[in-house]
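The values are calculated or read from the model by the stated rules, or taken from the named source; none is laboratory data. These figures come from a predicted structure and were not determined experimentally. Heads up, the Cβs are rebuilt from the backbone with ideal geometry, glycines too, and the neighbour counts pull from every protein chain shown. Heads up: the accessible areas ignore ligands, DNA and RNA and are worked out on the full protein's heavy atoms, side chains in. Shrake-Rupley method; radii C 1.70, N 1.55, O 1.52, S 1.80 Å.
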Amino acid sequence: MISYNGIAVSSGIARSKAKVLNDVNDFAKVEVGDIIIVYKSFPGWVIPLIKASGMICEIGGALSHIGILCREAGKPCVSGIPDVCSIIKDGDDIMIDGNKGEVYVYK
């Protein structure tokens, strides 16, 4: 297991497979329960967030748009992990701890 520390943006814990989204055209790839990984906030992320169990955002903080969306949706969110979009791959087994701001990758 590998762990990464970031910013706790929205509380909660979720474990599932990772889904890295590089642009809005990747929305269709999200399956129920996935943990979404994005580079930065975008208003359209609310659509896949409904199906997701949590979110990781490379940049942003507690007052970022994605943080507000996740708190309103009751989904855990961690932000501020450099290069997370390239470190974690689609399908990786991950756990997100939005209480502590930690992400765990199980290999």
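Considering only VAL30, VAL46, VAL38, give the residue with the highest GNM mean-square fluctuation for the chain, with springs between Cα atoms whenever their separation is below 10 Å.
It is VAL46.
Got a sec to turn the phi values of the stretch 5-21 into Karplus ³J(HN,Hα) couplings, 6.51 cos²θ - 1.76 cosθ + 1.60 with θ = phi - 60°, whole Hz, x for Gly and Pro?
So the Karplus estimates, Gly and Pro as x, are 9, x, 9, 6, 9, 9, 6, x, 10, 9, 10, 6, 8, 7, 9, 7, 10 Hz.
Amide H to amide H, which residues 5 or more places from GLU102 or on other chains are under 5 Å from it, using H placed in the peptide plane?
Hits under the 5 Å cutoff: GLY6, ASP97.
Per residue of the stretch 39-50, in order, report the coupling 6.51 cos²θ - 1.76 cosθ + 1.60 (Karplus, θ = phi - 60°) as ³J(HN,Hα) in whole Hz, putting x for Gly and Pro.
Listing the rounded values in order: 6, 8, 6, 8, x, x, 5, 4, 5, x, 4, 4 Hz.
Considering only DSSP states other than H, G, I, E and B, which GluC sites (Glu not before Pro) in the stretch 22-79 qualify as loop sites with at most 13 other Cβ atoms within 10 Å?
Answer by residue number: GLU31.
Do the alpha carbons of any pairs in LYS51/LYS107; LYS40/LYS89; LYS40/LYS107; LYS17/LYS107; LYS29/LYS100 sit beyond 20 Å of each other, and which pairs?
Values: LYS51/LYS107 24 Å; LYS40/LYS89 17 Å; LYS40/LYS107 26 Å; LYS17/LYS107 12 Å; LYS29/LYS100 28 Å.
Over 20 Å Cα-Cα: LYS51/LYS107; LYS40/LYS107; LYS29/LYS100.
Taking θ = phi - 60°, what integer Hz values does the Karplus form 6.51 cos²θ - 1.76 cosθ + 1.60 yield along the stretch 70-85, in sequence order, with x for Gly and Pro?
5, 5, 5, 8, x, 10, x, 8, 10, 10, x, 9, x, 6, 4, 5
Once the chain is represented by equal point scatterers at the alpha-carbon sites, with solvent omitted, what log10 I(q)/I(0) does the Debye formula produce at q = 0.12, 0.20, 0.21 Å⁻¹?
The computed values of log10 I(q)/I(0) come out as -0.29, -0.89, -1.00.
Take the solvent-accessible surface of the protein heavy atoms, probe 1.4 Å, and return the percent of it on the stretch 19-107 that carbon and sulfur atoms account for.
Values: 2400 of 4080 Å².
Reported share for carbon and sulfur atoms: 59 percent.
For ILE13, ILE7, give the ranking by accessible area with the largest first, probe 1.4 Å.
Sorted by accessible area, descending: ILE13, ILE7.
Report, for the chain, the % of DSSP beta bridges that are antiparallel, rounded to 5.
The antiparallel proportion sits near 65 percent.
Which order do you get for VAL103, VAL32 if you rank them by accessible area with a 1.4 Å probe, largest at the top?
VAL32, VAL103
Leaving out ligands and nucleic acids, note down the accessible area per residue over the chain with a 1.4 angstrom probe, in whole Å².
Heavy-atom accessible area per residue stands at 48 Å².
5 Å is the cut-off here: which amide hydrogens, built 1.01 Å from N in the peptide plane, fall below it relative to GLY60, excluding neighbours closer than 5 in sequence?
Placed amide hydrogens put GLY80 under 5 Å from GLY60.
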